[in-house]
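Before any comments, here is the structure.
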Amino acid sequence: MATRVNVCNVDVLDNPATFFSPFQLEITFEVFEHLPHDLEWKLIYVGSAETESYDQVLDTVLVGPIPEGRHKFVFQADAPDPTKIPPSELVGVTVVLLTCSYRAQQFIKIGWFVANEYTDPELKENPPQKPLLDKLSRTVLTTDVRVTTIAIKWEDAESTEAVDAKAIETDHVTDHATESSMPTTSEQVESTSSESSEMSSATKTAASSALSEPLSDVTNGRVADVPME
C-alpha cells in the first residue's frame, strides 16, 4: 500500500554536545491522509557494533492522531547509560537510529554515525585506559545519513473490507438509480509551510551494517493529546 507519511527532514540540534547531553531532533514530516492512530517514534543508541544486546532505547514518543498536512516537532531523549555499554565501545564511532512505526509496524529507520572523542589534545594523544566520560564530546555526523523504508499496511482488514463494500454498494446505486449524488470526501507538534535541508561522510565498517541507503526526501509514549494545526 502507498505510504501515507513522508519524513521530509531531521535536524540534529545542539550538535556537537557532551556525552551526557540529551539528544534533540527536530523532525519535519508530511501526512498525506488523516491517521487515526499514533505514530510511534523511537530513538536507539547502538552500544556495540558486534551485537544488538547492547542497544539502548533512549526514548519513545507517541504522536497522534494526525491530520493531513506537514508537521514539525522536537524529539528529546536522554543520553545513553554508559554502564550498559562495553568500556571499549565508549570512545570512538557508533550509530544512533531513529525509527517510526504505525500500528506496531515499523516503516522507516534513519541512522547517523556518532563520534565520541576527546577534545583535549593530550587526552587525544594519550587516551586513558578508563574512559573519562565528562571529557568526551559527542558529534552526530549529519553529513552521512542513511535510511531504510518498509512497506506496511496502513489500514486494518476490517476498514479495508468496509471501504470495498461501500464502493460496491455505490457502483450498484449508480448503475440502477435514475439520479445519484457523489459524496465528497473531502503532539508539542506544529504545522509548518515548508522545510527541508540536505543531509548528505564518515565510515566505520563494523557499524555500517546498522545503516542503509542515503537519505534524500524520504518516502515512506510520551506526548499525550498533542494538538495539530
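The values are calculated or read from the model by the stated rules, or taken from the named source; none is laboratory data. Just so we're clear, the structure is a prediction, and the values are computed from it rather than from any experiment. Neighbour counts run over all protein chains shown; Cβ positions are idealised from the backbone, glycine included.
Here are the numbers for the structure shown:
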quantity	calculated
Inter-residue pairs, beta-carbon under 8 Å, first under 17 Å from L39 (Cα atoms) and in region 138-154, second among the aromatic types (F, W, Y) and surrounded by 18 or more Cβ atoms within 10 Å (Cβ to Cβ), 6+ apart	T149/F107; I150/F107; A151/F107; I152/Y102; I152/F107; W154/Y102
Test: residue in region 123-139 that is surrounded by 18 or more Cβ atoms within 10 Å (Cβ to Cβ), under 20 Å from T18 (Cα atoms) and over 28 Å from the mean Cα position of the chain (by Cα)	yes
1 or more residues farther than 30 Å from E155 by Cα and at pLDDT 95 or above: qualifying strands (runs of 3 or more DSSP E) within region 69-135	92-102, 105-118
Residue list for region 33-45, restricted to those being crowded, with 16+ Cβ neighbours inside 10 Å and either under 16 Å from the mean Cα position of the chain (by Cα) or not in a strand (DSSP E or B) (or both)	D38, L39, E40, W41, K42, L43, I44, Y45
Search result, residues across region 26-51 that are closer than 20 Å to R70 by Cα and polar (S, T, N, Q)	T28
Sole exception among (1) polar (S, T, N, Q); (2) surrounded by fewer than 17 Cβ atoms within 10 Å (Cβ to Cβ); (3) in a loop (DSSP other than H, G, I, E, B) for N15, by number	(2)
Unique residue being out of contact with any helix residue (DSSP H, G or I) (no Cβ under 8 Å at 6 or more places or on another chain), surrounded by fewer than 19 Cβ atoms within 10 Å (Cβ to Cβ) and β-branched (V, I, T) when the list is V96, V57, V63	V57
Failed item, numbered, when S48 is tested on (1) in a strand (DSSP E or B); (2) in contact with a helix residue (DSSP H, G or I) (Cβ under 6 Å, 6 or more places away or on another chain)	(1)
